[in-house]
Amino acid sequence: MQIPLVYYLVLGDEPYLQANECTNCGARFFGRRNACAHCGHREFKPVRVSDTGTLRTFSIVYRAAPTIPTPYVSAIVLTDDGTSVRSNLINIEPDPAKISLGMKVKLDTYVVGTDDDGQEAVAFGYAPT
Amino acid sequence: MAQDIWVLGTHMTAFGRYPDQDAVDLAAAAALGALDDGGVTISDMDLLSCGTLFQANAGMGQQVQKQIGQTGIPVYNVSNACATGATALRTVIMAIRAGEADLGLAIGVEQMGKMGLLAGGARKEKNVYEPSGRFGAVMPIDGILGTDTMPGVFAQAGMEYANDNDGVGFEQFAKVAQKNHAHSTLNPLAQYQKEFSLEEVMGSPMQSYPNTLLMCCPTGDGAAACVLVGEERFATLSREQQSRAVKISASVLTTDPYVESGAMQPDVNTLTRNAAQAAYEQAGVGPEDLSLVELHDCFATAELIHYDNLGLCEPGGAGDFIDRGAPWRDGDTPVNVSGGLISKGHPIGATGVANVYEVATHLRGEAGDRQIEGANVGLAHVIGLGSSCGVHILEKSGI
């Protein structure tokens, strides 16, 4: 049994991220909105976000809360359909020499924890292609 | 046309650690200092605005009144992240402009102690995963879906600028911190007053690449206050009071307008650009007219991008700006000659008042060893993540 880390990760054979898209201006949001932060319109539709994108910015985090494994690479990815996503970069060495701005990345998922009922939490990250 | 507002008196405590005093003591010291400096008393004040972030529900303004005078005037307690102090100032400015007050006192204060990394909340795993919160998260997402920590968020803001502009990297960011540490050696009010070489800055423990420890502001305690006066009352003051007063020629507060990436990475650029543009228009000056700038260098990466946001350099030219030494105290536009948040310190609620104190002190020609000679116009900028941006432009009295 698996459960996504957050609602906007849709699990299945090909996991993907789902955004709420404003039916007026096309602005996309993860999580619910009462009205569009861009245009004020009140109607949204769920859309599948592109799995591929480019690395817009990153930081290699060494200092975090005690239970968080460090270092890890925090990133903002701009997907090929123009949506910004925050996540970790995965399957990459946390070394600035190995990470280049603008590099191509692709969505991937992994098990991030298991609860007492054996249920697995699935997280997502972006890996170099 | 709304009436002009002047800083009549201003004071700040040294920033640092005060284990034997509480925030009320610090705020009261700053308030009394500002009143004395302006040659007025609490009885002259028509309102008080007090900013603090971490004790926002403590009625700090009323607690200060118990220390310095309970005159029954209205108190506005304000909280606006790192723009808290600027918001306290603006509250008094708006009251005077609205005609509800002639004189008012704005205080910013914070006692943080050694509270450590902000927004790095501990992870507490549930035994059984249940979606909760806006995103239906089954566990805290900080560190899994990127970072919430301040050094990391501002690192990403800097690296985004590096992505979009040539000639910006780790070394340029580090040079910012090298400068601010060097500047702080001349400021007796700074929490740290120690110079470091570029190698030492780059070699200090990495917090969030590219921000090393010496590129991050510390937590700390401190307070600052300003007495503000409207021009009608100003005209009745003594010549000495008038000549030491500093004119507030622009006062602006903005929030972050929608941008596509804003929900994922706080946009600290657009609201700063909007605030700066409005402030330059209000004051009728441009960035080239500024004798000094105190800007919100919570992290070295932040300062660098604000060179561009405030129009201090050519668009895209922040890397070159620091490389050629332009923001050093002897450069084109001295930036953070106080040592900035990085070395002067950043007791959050105090910061937006303390940077007005710093600029005003230079415009009065009273900044001692760190005085920028001939300073006549200065700008103070703060950003509170979430987000709010305050910009004040101050001018020397012509009297």
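The numbers here are math on the coordinates, done by the rules we state, and not lab data. The structure displayed is predicted, hence computed values, not measured ones. With ideal geometry, Cβ positions are generated from the backbone for all residues, glycine too; neighbour counts draw on all protein chains shown.
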Listed by first then second residue, the pairs whose first member lies in the stretch B:262-274 and is more than 10 Å from every other protein chain (Cβ to nearest Cβ), whose partner is assigned to a loop (DSSP other than H, G, I, E, B) and of a type in the set (D, E, K, R), with beta carbons under 6 Å and at least 6 positions apart or on separate chains, are B:D267/B:D256; B:L271/B:D256
Might you check whether a residue that is out of contact with any strand residue (DSSP E or B) (no Cβ under 8 Å at 6 or more places or on another chain) and more than 7 Å from every other protein chain (Cβ to nearest Cβ) occurs anywhere in the stretch A:45-59? no
Residue among A:R63, A:R86 that is among the basic types (K, R), out of contact with any Pro (no Cβ under 6 Å at 6 or more places or on another chain), without any contact (Cβ under 8 Å) to a residue 12 or more places away in the chain and within 8 Å of another protein chain (Cβ to nearest Cβ): A:R63
Single match in A:V122, A:V47, A:V112, A:V77 (criterion: β-branched (V, I, T) and more than 18 Å from B:L145 (Cα to Cα)): A:V47
Selected residue (only one of A:G82, A:G31, A:G125 is surrounded by 14 or more Cβ atoms within 10 Å (Cβ to Cβ) and at positive phi): A:G31
Scanning the stretch B:147-162 for residues that are within 7 Å of chain A (Cβ to nearest Cβ) and of a type outside the set (A, V, I, L, M), which turns out nearest to B:C217 (Cα to Cα)? B:P151
Where the second residue is in a loop (DSSP other than H, G, I, E, B) and among the basic types (K, R) and the first is under 20 Å from B:S343 (Cα atoms) and touching a residue at least 24 places away in the same chain (Cβ under 8 Å) and lies in the stretch B:1-30, which pairs have Cβ atoms under 8 Å and are six or more apart or on separate chains? B:R17/B:K114
When you go through B:T71, B:T84, B:T41 one by one, which is the residue that is within 26 Å of B:V391 (Cβ to Cβ) and either crowded, with 21+ Cβ neighbours inside 10 Å or not charged (D, E, K, R) (or both)? B:T84
Counting only residues that are under 15 Å from the mean Cα position of the chain (by Cα) and of a type in the set (F, W, Y), how many does the stretch A:45-62 have? 1
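Residue-wise test of (1) facing chain A (nearest Cβ under 7 Å); (2) buried (at least 20 other Cβ atoms within 10 Å of the Cβ); (3) at negative phi; (4) in contact (Cβ under 8 Å) with a residue 12 or more places away in the chain.
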position	(1), (2), (3), (4)
B:I96	no, yes, yes, yes
B:P140	no, no, yes, yes
B:L145	yes, yes, yes, no
B:D164	no, no, yes, yes
Considering the stretch B:340-399 alone, what residues qualify as being without any contact (Cβ under 8 Å) to a residue 24 or more places away in the chain and touching a strand residue (DSSP E or B) at 6+ places or on another chain (Cβ under 9 Å)? B:G365, B:G398
